[in-house]
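The values are calculated or read from the model by the stated rules, or taken from the named source; none is laboratory data. Just so you know, these numbers come straight off a predicted model, no measurement behind them. Every residue, glycine as well, gets a Cβ built from its backbone with ideal geometry; the counts of neighbours run over all protein chains shown.
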Ligand SMILES: [Zn+2]
């Protein structure tokens with residue numbers, strides 16, 4: 001009886017993952033709407049232009065902004081297996097957060113105030129720097145607690 005229940009749950013899980021599998025692969029998933037930011041609690045669907053997420057082996061955490069994502073990942077140290085997604089400022093699609101370029105010090109304001117603006121390429125980041133008076137381009141590994149503290153200064 002215990003086994004039957006287990007297989008029942010397992011088959012539901014497989015069905016569910018089959019349904020969402022194709023859209024999950026690129027990080028864009030409709031079910032991501034209607035989530036709350038794991039850091040500040042704001043509904044992420046109000047901030048589609050800024051949202052991000054961390055997909056771990058056990059759970060997915062959603063964020064309203066790169067700022068909240070970085071604060072949370074610094075507080076709970078990110079596992080190497082965790083996938084990070086942020087919203088590309090120009091493309092407005094989720095991109096790999098570990099490979100993104102982040103511009104700080106620009107005139108673009110995010111949901112939580114001054115933010116790190118994610119761009120998909122070095123070229124886009126440089127373009128953004130020019131357009132929005134950015135101060136610096138950072139890679140994922142270069143963003144630390146000091147960077148977050150310094151936002152908006
Ligand atoms: Zn937030």
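Wholly within the stretch 53-153, which helices (runs of 4 or more DSSP H) include no fewer than the required count, namely at least 2 residues that are over 15 Å from the mean Cα position of the chain (by Cα) and surrounded by fewer than 14 Cβ atoms within 10 Å (Cβ to Cβ)? Don't jump to the end; show me each part of the working.
Working: elements: 66-75, 122-131, 145-150.
Where helices (runs of 4 or more DSSP H) fall fully within the stretch 53-153 and carry at least 2 residues being over 15 Å from the mean Cα position of the chain (by Cα) and surrounded by fewer than 14 Cβ atoms within 10 Å (Cβ to Cβ), they are 122-131, 145-150.
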Residue match in the stretch 73-83 (condition: modelled with pLDDT under 95, under 17 Å from residue 39 (Cα atoms) and touching a helix residue (DSSP H, G or I) at 6+ places or on another chain (Cβ under 8 Å)): yes
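Residues of the stretch 51-66 being closer than 18 Å to residue 96 by Cβ, in contact (Cβ under 8 Å) with a residue 12 or more places away in the chain and within 16 Å of the ligand (Cβ to nearest atom), which ones? I'd like the intermediate steps shown before the answer.
Within the stretch 51-66, the subset closer than 18 Å to residue 96 by Cβ is 51-57, 60-63, 65-66.
Those still in the list that are in contact (Cβ under 8 Å) with a residue 12 or more places away in the chain too: 51-57, 61-63, 65-66.
Listed by number, the residues that qualify are 51, 52, 53, 54, 61, 62, 63, 65, 66.
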Filtered residues of the stretch 35-44 (kept if more than 7 Å from the ligand (Cβ to nearest atom) and under 13 Å from the mean Cα position of the chain (by Cα)): 35, 36, 38, 44
